[in-house]
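K.L.:
First the structure, which I've put down as structure tokens, then a few questions once you've had a look.
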Amino acid sequence: FLEQVIDARTAWVNFLYRSSEPDEEFIPKYRPTLANIDTYLANRTWFGAELSYVDFLAWEFFDHIALVFPKMLNENENIMKFYKRFANLPKIFAYIETDEFQTAACYGPAARYAGSLVKIKRGEKMYY
């Protein structure tokens, strides 16, 4: 399922950098992409048989969505279970609760959200 995660992330990055599409048009078109991942995660702990790099990649991607469009992430029950499960791994949780976590921008200056020229703050910590 790595390819689907990469495809979803690529569509997200294209929206951030290349698209002039308004949020109101992008979000409804992007929901099925997340819904597909959500269905895949039903009854799964991780993307593979055990924790792997795919889970790290996916969690970071989901966290970026949580920063920009938290409601869109919340609409997907299995993604949220995965997001919280991963974030609550003891060493991961210890790190994301530090002041060092996400001190830099997620993307470059040309990104419309979470880029180096855009000040973005985490609203709620959705991983609790």
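Each row is one residue, and each column tells you yes or no for (1) within 14 Å of the chain's Cα centre (by Cα); (2) closer than 20 Å to GLU124 by Cα; (3) in a loop (DSSP other than H, G, I, E, B).
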residue: PHE47; (1), (2), (3): no, no, yes
residue: PHE61; (1), (2), (3): yes, yes, no
residue: THR98; (1), (2), (3): no, yes, yes
residue: PRO109; (1), (2), (3): no, no, yes
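K.L.:
Suppose we filter THR39, THR10 for residues that are within 17 Å of TYR113 (Cβ to Cβ) and loosely packed, with under 15 Cβ neighbours inside 10 Å; which single one remains?
P.N.:
Just one listed residue meets the conditions, THR10.
K.L.:
When the residues of the range 70-81 are narrowed to those that are part of a helix (DSSP H, G or I) and touching an Asp or Glu at 6+ places or on another chain (Cβ under 8 Å), which ends up modelled with the lowest pLDDT?
P.N.:
To start, the set of residues in the range 70-81 that are part of a helix (DSSP H, G or I) comprises 70-74, 77-81.
Checking the rest, the ones that are also touching an Asp or Glu at 6+ places or on another chain (Cβ under 8 Å) come to 70, 77-79.
On the way: PRO70: 90, GLU77: 97, ASN78: 98, ILE79: 97.
The residue in question is PRO70.
K.L.:
I need every pair where a residue in the range 1-23 that is within 14 Å of ASN36 (Cα to Cα) has its Cβ under 9 Å from the Cβ of a residue that is of a type in the set (Ser, Thr, Tyr) and open to solvent by 70 Å² or more (accessible area, probe 1.4 Å), sequence separation at least 6 or different chains.
P.N.:
LEU2/TYR53
K.L.:
Would you confirm whether any residue within the range 114-128 is hydroxyl-bearing (Ser, Thr, Tyr), surrounded by 15 or more Cβ atoms within 10 Å (Cβ to Cβ) and under 13 Å from the mean Cα position of the chain (by Cα)?
P.N.:
Yes.
K.L.:
Okay, next question. Which condition does THR39 not pass, out of (1) at pLDDT 95 or above; (2) within 21 Å of LEU89 (Cα to Cα), if it passes all the others?
P.N.:
(2)
K.L.:
Here are some conditions: (1) aliphatic (A, V, I, L, M); (2) open to solvent by 30 Å² or more (accessible area, probe 1.4 Å); (3) not in a loop (DSSP other than H, G, I, E, B). VAL54 meets all but one. Which one does it not meet?
P.N.:
In the conditions (1) aliphatic (A, V, I, L, M); (2) open to solvent by 30 Å² or more (accessible area, probe 1.4 Å); (3) not in a loop (DSSP other than H, G, I, E, B), VAL54 misses (2) alone.
K.L.:
Just wondering, is there one or more residues in the range 20-35 that are part of a helix (DSSP H, G or I) and closer than 21 Å to LYS125 by Cβ? If you could, list the steps in order and put the result at the bottom.
P.N.:
Within the range 20-35, the subset part of a helix (DSSP H, G or I) is 23-35.
So of that shortlist, the ones also closer than 21 Å to LYS125 by Cβ come out as 34.
The answer is yes, given that some residue of the range 20-35 is part of a helix (DSSP H, G or I) and closer than 21 Å to LYS125 by Cβ.
K.L.:
Which residues, taken from the range 105-119, are basic (Lys, Arg) and modelled with pLDDT of 85 or more?
P.N.:
Matches in the range 105-119: ARG112 only.
K.L.:
For the range 13-36, give me the residue count where each residue is open to solvent by 70 Å² or more (accessible area, probe 1.4 Å) and within 15 Å of ALA66 (Cα to Cα).
P.N.:
Residues in the range 13-36 being open to solvent by 70 Å² or more (accessible area, probe 1.4 Å) and within 15 Å of ALA66 (Cα to Cα): 1 in total.
K.L.:
For the list (1) among the aliphatic types (A, V, I, L, M); (2) part of a loop (DSSP other than H, G, I, E, B); (3) in contact with a Cys (Cβ under 8 Å, 6 or more places away or on another chain), I need the number of the one condition that LEU67 fails.
P.N.:
With respect to (1) among the aliphatic types (A, V, I, L, M); (2) part of a loop (DSSP other than H, G, I, E, B); (3) in contact with a Cys (Cβ under 8 Å, 6 or more places away or on another chain), LEU67 is out only on (2).
The values are calculated or read from the model by the stated rules, or taken from the named source; none is laboratory data. Note that the coordinates shown come from a computational prediction; the quantities given were computed from them, not determined experimentally. Backbone-built Cβ (ideal geometry, glycine too); neighbour counts: all protein chains shown. Calculation scope for accessible area: heavy atoms of the full protein, side chains included, ligands and nucleic acids excluded. Shrake-Rupley method; radii C 1.70, N 1.55, O 1.52, S 1.80 Å.
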